[in-house]
1. Under the classification rounded if a/c is under 1.5, otherwise prolate if a/b is larger than b/c and oblate if not, where does region 1-118 fall, given a ≥ b ≥ c as square roots of the Cα gyration tensor eigenvalues?
2. Using only C-alpha atoms and all pairs of different ones, pull out the Kirkwood radius for region 54-207 in Å with one decimal.
3. Give the dimensionless ratio obtained when the Cα radius of gyration of region 18-79 is divided by 2.2 N^0.38 Å.
4. Where the only charges are on Cβ atoms (+1 Lys, Arg; -1 Asp, Glu), what is the dipole of region 46-162 about its Cα centre, to the nearest 20 debye?
5. Return the subset of Lys18/Lys98; Lys85/Lys192; Lys111/Lys168; Lys79/Lys168; Lys85/Lys179; Lys139/Lys192 for which the Cα-Cα distance in this structure is over 31 Å, preserving the input order.
6. With a 1.4 Å probe and all protein chains left in place, how much of the accessible area of region 1-90 comes from carbon and sulfur atoms, in whole percent?
7. List the trypsin sites (Lys or Arg not before Pro) within region 50-147 that fall in a DSSP loop (any state other than H, G, I, E or B) and whose Cβ has at most 16 other Cβ atoms within 10 Å.
8. Roughly speaking, what is the centre-to-centre gap between region 161-186 and region 35-92 when only Cα atoms are used, to the nearest Å?
Amino acid sequence: SKTFANSMQLEVPEDIEKSILEDMQNDAVIMQEAGRLGVVITRSDLDNAFEQAIGGVGGEEQAIAFIKNSYGMNVAQFKQLMLPKIALERIREEKFSKVVARHILFSDENKAKEFEQKIREGANFEEVAKSESTDQETKDDGGLLAGEEYIFRELSGLPEEIENELFKLNVGEMSGVVKSSFGYHLLRVEQKSGSIDEKPTQWYEQAENRYHINSYI
């Protein structure tokens, strides 16, 4: 860490030892959880992540020199440092609950309730979104949120009340009218997967509690 700070002409933090110890503790917890959850990282996964990390540096010789000069490490040590980061990303992708969802945004609560009833009686959710939603970014796609990308808890950028409601719904199920700072929403989940139905911060707190950790500094 000191080597990196010096190579980037950055000031070395006074509490760097404490910060590194906390990072090592976090990494250890994540690796334990990856094992508990059956998450597998192959050598190919590690090699691919390494190539992405050093992309733009140049060829192999340039990458080796860059890692040595910037981090004071060899390639094997650098890859070992990457493992917990890859494991955390893999846990998120494979285990955390995620949804693909649509919404219709109304400025008026009564109008939202009116169209909620119409949809429950058979009106097409996507067509109503196209004709009635005030969300200009999603209406043309039938209210599709995040461009059909998966939505994760705490990472979606959506209002908390919207996010909370989405993760209560089953696939194909529509919510009642949900109020947010943007207006009144009708929500519908298109896809849902993942077994960890918690916010990442809650999950990590519970993971820490599974292991006996003593820190000395």
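1. Working: a/c = 2.33, a/b = 2.11, b/c = 1.11.
Taking the square roots of the gyration eigenvalues as a ≥ b ≥ c, region 1-118 is prolate.
2. 18.1 Å
3. Region 18-79 yields a ratio of 1.33.
4. Roughly 560 debye, rounded to the nearest 20.
5. In this structure, Lys18/Lys98; Lys79/Lys168; Lys85/Lys179 exceed 31 Å between Cα atoms.
6. Numbers: 3130 of 6070 Å².
After summing per-atom areas, the C and S share lands at 52 percent.
7. When the trypsin sites (Lys or Arg not before Pro) of region 50-147 are filtered for loop state and at most 16 Cβ neighbours within 10 Å, nothing remains.
8. 39 Å
The values are calculated or read from the model by the stated rules, or taken from the named source; none is laboratory data. The model shown is predicted, which means the values in this text are computed figures rather than measured ones. Backbone-built Cβ (ideal geometry, glycine too); neighbour counts: all protein chains shown. Areas reflect the complete protein model, heavy atoms only, side chains present, ligands, DNA and RNA absent. Shrake-Rupley method; radii C 1.70, N 1.55, O 1.52, S 1.80 Å.
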